[in-house]
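Have a look at the structure below before the remarks.
The values are calculated or read from the model by the stated rules, or taken from the named source; none is laboratory data. It should be emphasised that the depicted structure is a prediction, and the values quoted were computed from it without experimental measurement. Glycine gets a Cβ as well: all are built from the backbone with ideal geometry, and neighbour counts include every protein chain shown. We work out accessible area using only protein heavy atoms, side chains counted, and drop any ligands, DNA or RNA first. Shrake-Rupley method; radii C 1.70, N 1.55, O 1.52, S 1.80 Å.
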Amino acid sequence: MLEFLKKTYPFNDDLKHNTKVIFFISVGVFVFLFLFQPLQIDSLANRDKYILVIGLGVITFLSLSLNLLILPSLFSRVLNGSSWNIKKEIFWDIWILFTVSVGYFLYYKVLGIMEFGFDMIVKLILIAIVPTSVLIVLNRHRLLRAHLKTANELNIKLKDNKSIPNKLVHFVSDYQKDNLSIKVSLILFIRSANNYIEVFWREGQAVKSQMVRYSLTKAEEILQDDKFIFKCHRSYLTNINHIEKIEGSSQGYRLFFENVDFPVPVSKIYVNKLKELI
């Protein structure tokens, strides 16, 4: 059980997607509370009902905004997909539910309309633990199956869509001794490293690399006409002609290159571009 809880899980740090999720959940909570009137709402006069339901909808919106937009931006080193797992996801979802429940509790207290005891917060969290855990496990399996299927399809297409251009590209460093001129066809990928880029290329059967004081943005600009070079991650440019295989997991996709002992990640926002190119 403990080993299963340590399995990787994708942390959703797509702020644009989360903004939509926050809006629809907040509207959904408002509609649910208004129609079904739980939490003793049905015992109130109409005016008090409207005040309470609208306020709870706003609290839901503010709490989700805090947890899904503000905290991931402020604590990106902690809240990111690189070390995220099922256990962290379960506690994260319980934390979100806790903040929403505390918001409800404080709002009830401020209005003084009815009692909403702290024990209600505990009950809500305990009730939600089981379905939350089940949904997380099911979602992980769904993502894993979907990504494995897509990765297999892409691997098949990789073999049929290789192009070999022979253009020479020049990375002119801020320090002349770091200048690098190389055929685009030999480049495996380029990795950002603070104020430098690290260019990996194939030379015979070996893989070589060189640090150049150059930005990834500039590298992307001078390679923009080479359609087989694409940005797969905020820190990587990749040559699809040298991808040996693609692996899919619950966290997304990773690219592997021959004689390179680490994979290159693919961000969610670039997955469709990868599919188009291949």
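In contact with a Phe, Trp or Tyr (Cβ under 9 Å, 6 or more places away or on another chain), surrounded by 15 or more Cβ atoms within 10 Å (Cβ to Cβ) and farther than 24 Å from Thr8 by Cα, is that true of Leu255?
For Leu255, the condition - in contact with a Phe, Trp or Tyr (Cβ under 9 Å, 6 or more places away or on another chain), surrounded by 15 or more Cβ atoms within 10 Å (Cβ to Cβ) and farther than 24 Å from Thr8 by Cα - is not met.
Give the range 203-262 a look and list any residue that's touching a Cys at 6+ places or on another chain (Cβ under 9 Å) and more than 21 Å from Ser181 (Cα to Cα), or say none.
Tyr253, Leu255
Within the range 46-72, which residues are within 37 Å of the chain's Cα centre (by Cα) and of a type in the set (S, T, N, Q)?
Those that are within 37 Å of the chain's Cα centre (by Cα) and of a type in the set (S, T, N, Q): Thr60, Ser63, Ser65, Asn67.
Within the range 224-248, which residues are assigned to a loop (DSSP other than H, G, I, E, B) and touching a residue at least 40 places away in the same chain (Cβ under 8 Å)?
Residues satisfying the conditions are Asp226, Lys227, Phe228, Arg234, Ser235.
Residue-wise test of (1) within 14 Å of Trp201 (Cα to Cα); (2) small (Gly, Ala, Ser).
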| site | (1), (2) |
| --- | --- |
| Asp226 | no, no |
| His233 | no, no |
| Tyr236 | yes, no |
| Lys245 | no, no |
| Gly248 | no, yes |
| Arg254 | no, no |
| Val260 | yes, no |
| Pro265 | no, no |
| Lys268 | no, no |
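Kindly provide the set of residues from the range 260-270 that are open to solvent by less than 90 Å² (accessible area, probe 1.4 Å) and within 15 Å of Ser235 (Cα to Cα), ordered by number.
Result: Phe262, Pro263, Val264, Pro265, Val266, Ser267, Tyr270.
Does the range 27-45 contain at least one residue that is within 24 Å of the chain's Cα centre (by Cα) and either surrounded by 17 or more Cβ atoms within 10 Å (Cβ to Cβ) or in contact (Cβ under 8 Å) with a residue 60 or more places away in the chain (or both)?
No - not one qualifying residue is present in the range 27-45.
Restricting to the range 46-66, what's the tally of residues that are surrounded by 16 or more Cβ atoms within 10 Å (Cβ to Cβ) and charged (D, E, K, R)?
Going through the range 46-66 one residue at a time, the tally reaches 1.
Which numbered condition trips up Ser101, out of (1) in a loop (DSSP other than H, G, I, E, B); (2) surrounded by 17 or more Cβ atoms within 10 Å (Cβ to Cβ); (3) free of Cβ contacts under 8 Å to residues at least 40 places away in the same chain?
Tallying (1) in a loop (DSSP other than H, G, I, E, B); (2) surrounded by 17 or more Cβ atoms within 10 Å (Cβ to Cβ); (3) free of Cβ contacts under 8 Å to residues at least 40 places away in the same chain, Ser101 fails exactly one: (1).
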